[in-house]
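Only one structure is covered here, and it is reproduced in the block below.
Every number here is computed from the coordinates shown, using simple stated rules; none is lab data. Quick caveat: nothing in here was measured; it's all calculated off a predicted structure. All Cβ positions, glycine included, derive from the backbone under ideal geometry; neighbour counts span all protein chains shown.
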């Protein structure tokens, strides 16, 4: 299997191809791929270059969705949905007390806190400064990780659960939108 190690992650390129207009698609993706291979990869290494490329894609996503407040319109109900799901999970775990319930209650509380912080910071424009933005970024990455793990576990489980699929995808999308909505904001955490 010969794979060109000079190219960015394919899934991010596909994301870019989906969100860019047809007239910009070829030029922007080509220019980013060229900069990735010729400049960024040698300076930052493979992981750093992949993170740089993802940041560029999220920046374009923010611009694309940020027009007319579409990102806020998508992020608010999604954050409220994940908050409600986290509350439901926490209550059910406290009632049923299956083995390991304490960890699941902790995860539910974490999801609820991150969801409410997202609503307050992104929707109500509560000023939190660079440190608060960093914590919001950490929270978004945690949501992506929790959602990804739930998605994979559900896919491998003997009994597929549709609501777990919906919630895990919602967590991943909320995390990505939270990251994208913070790029280019005043006082945002700098990610290099």
Practice item. Using packing as a proxy for protection, rank 152-164, 90-102 so that the peptide with the highest average count of other Cβ atoms within 10 Å comes first. Key: 90-102, 152-164
Point to revise | Peptides ranked, highest mean first, by Cβ atoms within 10 Å: ranges 15-28, 105-118 | key: 105-118, 15-28
Practice item. At q = 0.21, 0.23 Å⁻¹, what is the base-10 log of I(q)/I(0) for region 10-66 according to the Debye formula with one equal point scatterer per Cα and no solvent? Please give it to two decimals. Key: -0.76, -0.88
